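Structure record follows, encoded as structure tokens.
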Amino acid sequence: IYSQTSPSLSPNLPFGSVAYSDDIWSIQHNPAGLGLSRGWQWYYTHSYVDSTFEGDKALFLSAGPVGFSAEWLGQQLTSKYRKYTLAHGIKFDERLFIGTSYAWFGSRNKDFDKLSSWSAGIVLRPHRYLSIGAKAIDLNRPKFQNQRIDISFNYGVAIRPLTDRITLAVDGFSTEKQSWEDIKYTYKLETEPLEGLIFYGFLDQDRNYSLGMKINFPNFGLGSFNFFHKDKGFQNGVSYVGFSGNRYRTHLERKNNLLNLKLSGEIPEESRSGGFSAKRKTIYQILNQIQKAKEDRTISGLILRIESLNLGLAKVQELRDALFDLTTADVCRKYL
């Protein structure tokens, strides 16, 4: 648990890392992670310091590479304030992602009311089991209480040792005026012993620690994350609940589902929409959907409908290969 060196940092966040967060929490941990995000998510968080459950709250929204959050903070302080963040991630290729975020504040306290902050991040994934991330915070050096805030840096490395069920990460945090010897480190672990049941925690170099868990249903998740001081015990925590347009991996779902796939008309290479026309799935999105169905143990069949399909030979071959690969999977497949 590193010291909050800037008031622009969000004090109550669920578990994450600058190196591998690539879902809705990327809005705060590293906006570059939004470049990997597909579909939509929304989450509500509520922090607490005791059994009264009084504390800060926040709403997080994301749609593909764009995210927005609204936080109501300072409930335990004399100055209450609101923080709004707009973030965007960009995918350069399968390995490189960048992103930026802008946060602005509202409050009766003039110091917070005038505050705004620019941040930028990068994620590099040279291998499926290795991720490297970095984020620069307060790039505009905003003023708070008549003093300039130094630019701060968060960087990290995460590995998944030959499985996506265990993630190990190290994050570092420093400011532009600190030397390498002053970097604050946190060591993080996330494990999923059962599909949809996730445990995580981190330990800092001062031996303060945090513990949490999350339970995923097909399109719904909830969890909590709690912070502990090495000597004083429990300090504060945050609970969260939300929904996702994409299905989570989970043991708590109905088996023997069918993938319903309809192919008709022209299938574009890239997404394009204009006016009131409906947005059509690209060939990449369809192939990705078929690949996910192959990996999903709960899907045992395919309903395929083809209507007036207008495709070139190359796309037909790609679809044929993907469907053949799906039908030769270990589970039984059905066609209509």
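The values are calculated or read from the model by the stated rules, or taken from the named source; none is laboratory data. None of the values given here were measured: they were computed from a predicted structure. Reconstructed Cβ throughout: ideal geometry from the backbone, glycine too, with neighbour counts over all protein chains shown. Calculation scope for accessible area: heavy atoms of the full protein, side chains included, ligands and nucleic acids excluded. Shrake-Rupley method; radii C 1.70, N 1.55, O 1.52, S 1.80 Å.
What is the number of the single condition among (1) modelled with pLDDT under 80; (2) in a helix (DSSP H, G or I) that ASP321 does not meet?
ASP321 satisfies every listed condition except (1).
Could you figure out which of (1) surrounded by 17 or more Cβ atoms within 10 Å (Cβ to Cβ); (2) at positive phi isn't true of ARG141?
Every condition holds for ARG141 apart from (1).
For segment 8-113, list the strands (runs of 3 or more DSSP E) that sit wholly inside it and hold at least 1 residues that are open to solvent by 70 Å² or more (accessible area, probe 1.4 Å) and without any contact (Cβ under 8 Å) to a residue 40 or more places away in the chain; which are they?
It comes to 57-63, 66-73, 81-91, 96-107.
Output the number of residues of segment 171-198 satisfying the condition of being free of Cβ contacts under 8 Å to residues at least 60 places away in the same chain and either within 26 Å of ALA120 (Cβ to Cβ) or buried (at least 16 other Cβ atoms within 10 Å of the Cβ) (or both).
16
Quick one: is GLY245 small (Gly, Ala, Ser), modelled with pLDDT of 80 or more, in contact with a strand residue (DSSP E or B) (Cβ under 7 Å, 6 or more places away or on another chain) and surrounded by fewer than 15 Cβ atoms within 10 Å (Cβ to Cβ)?
yes
Within segment 127-138, does at least one residue satisfy the condition of being buried (at least 20 other Cβ atoms within 10 Å of the Cβ) and within 30 Å of ILE299 (Cβ to Cβ)?
yes
Report whether or not TYR48 is of a type in the set (Ser, Thr, Tyr), under 18 Å from the mean Cα position of the chain (by Cα), at pLDDT 90 or above and over 22 Å from GLU192 (Cα atoms).
No, not satisfied.
What strands (runs of 3 or more DSSP E), lying completely within segment 121-235, carry at least 1 residues that are among the acidic types (Asp, Glu)?
Qualifying strands (runs of 3 or more DSSP E): 166-175, 184-194, 197-204.
Tally up the residues in segment 75-105 that are touching a helix residue (DSSP H, G or I) at 6+ places or on another chain (Cβ under 8 Å) and closer than 17 Å to GLN145 by Cβ, please.
3
Tally time: how many residues in segment 114-126 are β-branched (Val, Ile, Thr) and open to solvent by 20 Å² or more (accessible area, probe 1.4 Å)?
Residues meeting the conditions: 1.
Give the residue that is least open to solvent (accessible area, probe 1.4 Å), with candidates limited to residues of segment 149-170 that are under 30 Å from PHE220 (Cα atoms) and among the β-branched types (Val, Ile, Thr).
Going through the qualifying residues, I end up with THR167.
Could you list, in sequence order, all residues of segment 137-161 that are among the charged types (D, E, K, R) and within 22 Å of the chain's Cα centre (by Cα)?
ASP138, ARG160
Just give me the residues in segment 282-313 being assigned to a helix (DSSP H, G or I) and either modelled with pLDDT of 80 or more or under 15 Å from LEU263 (Cβ atoms) (or both), in sequence order.
Scanning segment 282-313 gives ILE283, TYR284, GLN285, ILE286, LEU287, ASN288, GLN289, ILE290, ALA293, LEU313.
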